[in-house]
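K.L.:
Sharing a structure here in structure tokens format.
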Amino acid sequence: MKRASIDIGSNTVLLLAAEIKENEIFRELANESRVTSLGKDLDTKKVFIKSSMKDTFQALREYEVILKNLDISPDQVIVTATEAARVATNSSEFFKEIKEELGFRVQIIDGIGEAYYTSLGVVSGTKLVEPNVTIMDIGGASTELISVQIKPFKILSSVSLPLGSVRCSDWLKAKIFDEKIKEIFEIFDVSSYRTDHLMCVAGSMTSLGSMIKGLKKFDSNEVNGTKILFSDFLKFTEKIKKRSPVELLLKFPFLGKRSKSIVGGAYLGEAMGKILCVKTFEISTLGLRYGTLKAGGIDERFCK
């Protein structure tokens, strides 16, 4: 059986298509990523801006062609949207256009659903022997912290924080990053998520893991499972903080448009590591789209 899932996030649009046997991914058929920055300027404008919508629409049009070549029709694809779509006042209008023009039905899921399917994806590929694990999912506009029981799979608790790599990039430009971090953690108590070993998923942390490994081309298999001492993470991020997006792109070509937000992601990774008293990061390239693919659909209780 063939299945496909698309994750429309605040910074990227991700596609995964695979052959499934007994609800397990047997063979990947397509694994694509496009940076569209759908959450750009969301805090100030409260809407998706035209350039980001255009890029997102183009990414989905490209995915439509890829899926057609795999004999998967748009109405068969599990398409989710997360924090940016929950905030933007024009998201419903935009997704209606996508359905009419491309055939993809976009489901906006809440923070609990995002945590559930992200964790399901991560846990399906982990080799950890500990009974529980804490997962951090840094997106473009939000960061999820999730405490998970591995076997049997169960979400113990989760929290969705209104900060992500794109938002943090905007805050750095406005010189209000420290102020916003302090403000958020006066509201949210994340002490119960403190851990020595933190599983990290999604684009910012997987890209930083690839950069730390010195890769010129992103290789999911090479990056997945990478363990990084937090002290080494801090040393690396100090080196890139003053680099321009152009300089970072020249050194790490795989970043593409993510070169504009990766420093924001690095600052956020630092802040979260300190707040959670982390000693080691472990990078997972699995996540939401793997979880929804494994599940085969979205539980309606998670839909907005």
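The values are calculated or read from the model by the stated rules, or taken from the named source; none is laboratory data. Just so you know, these numbers come straight off a predicted model, no measurement behind them. Methodologically, a virtual Cβ is constructed for each residue, glycine included, from the backbone with ideal geometry; neighbour enumeration extends over all protein chains shown.
K.L.:
Which of the residues spanning region 120-136 are over 19 Å from V278 (Cα atoms) and either crowded, with 16+ Cβ neighbours inside 10 Å or at pLDDT 90 or above (or both)?
P.N.:
Taking region 120-136 and keeping what is over 19 Å from V278 (Cα atoms), we get 120-121, 123-125, 127.
Listed by number, the residues that qualify are L120, G121, V123, S124.
K.L.:
Let me ask you something else. Before we move on, is R105 at pLDDT 90 or above, among the basic types (K, R) and under 28 Å from L163 (Cα atoms)?
P.N.:
Yes.
K.L.:
Turning to a different aspect of this structure: Just one of I275, I283, I228 is buried (at least 18 other Cβ atoms within 10 Å of the Cβ) and closer than 21 Å to S169 by Cβ; which is it?
P.N.:
Working: I275 fails: buried (at least 18 other Cβ atoms within 10 Å of the Cβ); I228 fails: closer than 21 Å to S169 by Cβ.
Residue meeting the stated conditions: I283.
K.L.:
Restricting to region 107-116, name every residue that is touching a residue at least 60 places away in the same chain (Cβ under 8 Å) and within 23 Å of S191 (Cα to Cα).
P.N.:
D110, I112, G113, E114, Y116
K.L.:
Please enumerate the residues belonging to region 33-60 that are surrounded by fewer than 16 Cβ atoms within 10 Å (Cβ to Cβ) and closer than 25 Å to L293 by Cβ.
P.N.:
Listed by number, the list holds a single entry, Q58.
K.L.:
Tally up the residues in region 15-42 that are farther than 24 Å from K96 by Cβ and not in a strand (DSSP E or B), please.
P.N.:
Total satisfying the criteria: 2.
K.L.:
I'm trying to understand the selection: among the residues of region 78-108, which are buried (at least 24 other Cβ atoms within 10 Å of the Cβ) and in contact with a Ser or Thr (Cβ under 9 Å, 6 or more places away or on another chain)?
P.N.:
V79, T80, A81, T82, E83, A84, A85
K.L.:
Looking only at strands (runs of 3 or more DSSP E) that lie completely in region 72-147, which have at least 3 residues being touching a helix residue (DSSP H, G or I) at 6+ places or on another chain (Cβ under 9 Å) and more than 27 Å from I181 (Cα to Cα)? Before you say what the answer is, go through the steps one by one.
P.N.:
Values: elements: 78-81, 106-108, 132-138.
So the answer is 78-81.
K.L.:
Are any residues in region 286-304 more than 12 Å from the chain's Cα centre (by Cα) and crowded, with 17+ Cβ neighbours inside 10 Å, and if so, which ones? Explain how you work it out, then say what you get.
P.N.:
Step one: of region 286-304, the residues more than 12 Å from the chain's Cα centre (by Cα) are 291-304.
Listed by number, the residues that qualify are G291, T292, L293, K294, A295, I298, F302.
K.L.:
Which of the residues that make up region 150-184 are assigned to a helix (DSSP H, G or I) and either among the charged types (D, E, K, R) or farther than 24 Å from K40 by Cβ (or both)? Give the steps one after another, and end with the answer.
P.N.:
Of all residues in region 150-184, those assigned to a helix (DSSP H, G or I) come to 165-173, 177-184.
If the condition is that a residue be assigned to a helix (DSSP H, G or I) and either among the charged types (D, E, K, R) or farther than 24 Å from K40 by Cβ (or both), then R167, D170, K173, D178, E179, K180, K182, E183 are the ones that fit.
K.L.:
OK, next. Mind counting the residues in region 43-71 that are in a loop (DSSP other than H, G, I, E, B) and either over 21 Å from the mean Cα position of the chain (by Cα) or in contact (Cβ under 8 Å) with a residue 40 or more places away in the chain (or both)? It would help to see each step written out before you state the result.
P.N.:
To start, the set of residues in region 43-71 that are in a loop (DSSP other than H, G, I, E, B) comprises 46-49, 70-71.
After this cut, where a residue has to be either over 21 Å from the mean Cα position of the chain (by Cα) or in contact (Cβ under 8 Å) with a residue 40 or more places away in the chain (or both) as well, the list is 46-48, 70-71.
Matching residues across region 43-71 total 5.
K.L.:
Against the definition (assigned to a strand (DSSP E or B), under 17 Å from the mean Cα position of the chain (by Cα) and of a type in the set (F, W, Y)), how does F281 come out, yes or no? Explain how you work it out, then say what you get.
P.N.:
On the way: assigned to a strand (DSSP E or B): yes; under 17 Å from the mean Cα position of the chain (by Cα): yes; of a type in the set (F, W, Y): yes.
When the stated conditions are applied, F281 passes them.
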